[in-house]
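Novice: The structure follows.
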Amino acid sequence: MKPCFAAVPTVGQSVSPVKDWLTRFQRTSISFSSQHHMALARLLPLLVCGEQSSQWVFYNESRRLQQNPQAVIDFEQIVADEQYHEQALEFVRTQLDEPDDITTLKRRSQHFFAQLAVTESFSEHFAQIACLDSLVCKLMLAIENGSLGKTHPFSLLCRAIKKDEAKHVSMSKRHALELGFCTSHWPQFRQDITQRLYDLLVTEEQAFSDIGVDLKMIFKRGSSAKLSEQVNLAHPVFVTSEVL
Ligand SMILES: [Fe+2]
Ligand SMILES: [Fe+2]
């Protein structure tokens with residue numbers, strides 16, 4: 001599969017648990033039931049595209065903030081985390097069949113992520129990223145708790161990615177506030193980005209269902225507190241998007 005977005009230079013050091021996952025699994029063939037195989041063949045391109053887009057967001061910000069050495073270190077570390085996420089997800093994707101409509105799937109996700117960058121300010125952009133990564137945490141948690149089973153290698157990968165994304169939520173949230181994001185805008189932002197991500201993913205509702213993930217439950221209002229609690233318990237570093 002051609003990438004959705006061009007590769008970003010490797011600049012930072014990552015301590016991502018996905019590195020350990022790669023060490024453990026990257027020479028193995030991961031087995032899936034045919035139902036899981038077909039479902040993940042549709043979902044992986046969307047996830048990979050998100051990881052590529054995220055690298056550019058944080059890479060560009062690290063370049064923009066060259067005068068702030070700590071910010072450069074932090075954002076370069078996120079870029080490196082996302083590169084490991086991409087590498088691991090792409091490794092799984094290459095073991096699966098390519099869907100016939102892969103080009104449409106890719107174009108839709110490219111458009112979604114490109115549109116995210118169309119905001120009025122950097123602060124709004126990072127508030128959106130915090131919200132988006134928080135939704136990704138929920139998705140990863142739901143996959144982990146889905147029909148693959150908690151010990152399946154792909155569930156373990158989702159758990160590792162979720163740990164990183166929880167950290168990215170905290171950092172993006174803090175950055176948005178430092179850039180002057182007004183918290184009174186948050187409910188509208190959360191609603192908007194949640195709806196947009198749902199619109200992107202809903203065409204794959206059946207694929208999510210096939211891996212035991214109820215997409216509507218994840219995006220339903222009110223479900224966030226319960227899911228966030230579960231993530232918080234497992235990973236204390238997680239700061240929910242609701243408290244931005
Ligand atoms: Fe990621
Ligand atoms: Fe992220």
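The values are calculated or read from the model by the stated rules, or taken from the named source; none is laboratory data. What you are looking at is a predicted structure, and each value in this text was computed from that prediction instead of being measured. With ideal geometry, Cβ positions are generated from the backbone for all residues, glycine too; neighbour counts draw on all protein chains shown.
Novice: Report, ordered by the first and then the second residue, all pairs with beta carbons closer than 6 Å, sequence separation of six or more or different chains, a first member in segment 179-206 that is over 21 Å from Q110 (Cα atoms), and a second member that is polar (S, T, N, Q).
Specialist: Qualifying pairs under 6 Å: L179/S123; G180/S123; F181/S123.
Novice: Return yes when Q67 is under 20 Å from V11 (Cα atoms) and not in a helix (DSSP H, G or I) and no when it is not.
Specialist: yes
Novice: Let me ask you something else. If a residue has to be part of a loop (DSSP other than H, G, I, E, B) and either in contact with a His (Cβ under 7 Å, 6 or more places away or on another chain) or modelled with pLDDT of 95 or more (or both) to count, how many in segment 133-180 make the cut?
Specialist: 8
Novice: Cβ-Cβ distance below 6 Å, separation of 6 or more or different chains: which pairs start in segment 68-95 with a residue that is among the hydroxyl-bearing types (S, T, Y) and end on one that is surrounded by fewer than 22 Cβ atoms within 10 Å (Cβ to Cβ)?
Specialist: Pairs found: Y84/S14; Y84/K19.
Novice: Next question. In segment 79-132, what residues are of a type in the set (A, V, I, L, M, F, W, C), touching a helix residue (DSSP H, G or I) at 6+ places or on another chain (Cβ under 8 Å) and closer than 30 Å to F32 by Cα?
Specialist: V79, A88, L89, F91, V92, L96, I102, L105, F112, F113, L132
Novice: Here are some conditions: (1) touching a Lys or Arg at 6+ places or on another chain (Cβ under 9 Å); (2) surrounded by fewer than 22 Cβ atoms within 10 Å (Cβ to Cβ); (3) in a helix (DSSP H, G or I). P99 meets all but one. Which one does it not meet?
Specialist: All conditions are met except number (3).
Novice: Follow-up. Applying the selection to segment 1-37, what residues are touching a Phe, Trp or Tyr at 6+ places or on another chain (Cβ under 9 Å) and part of a loop (DSSP other than H, G, I, E, B)?
Specialist: Within segment 1-37, C4, F5, A6, V8, P9, V11, G12, S14, S16, Q26, I30, F32 meet the criteria.
Novice: Moving on to the next point. For segment 85-105: of the residues being within 14 Å of ligand 2 (Cβ to nearest atom) and out of contact with any Leu (no Cβ under 7 Å at 6 or more places or on another chain), which is nearest to W21 (Cα to Cα)?
Specialist: H85
Novice: Among (1) modelled with pLDDT of 95 or more; (2) surrounded by 13 or more Cβ atoms within 10 Å (Cβ to Cβ), there is one condition F58 misses while meeting the rest; what is its number?
Specialist: The single condition F58 does not satisfy is (1).
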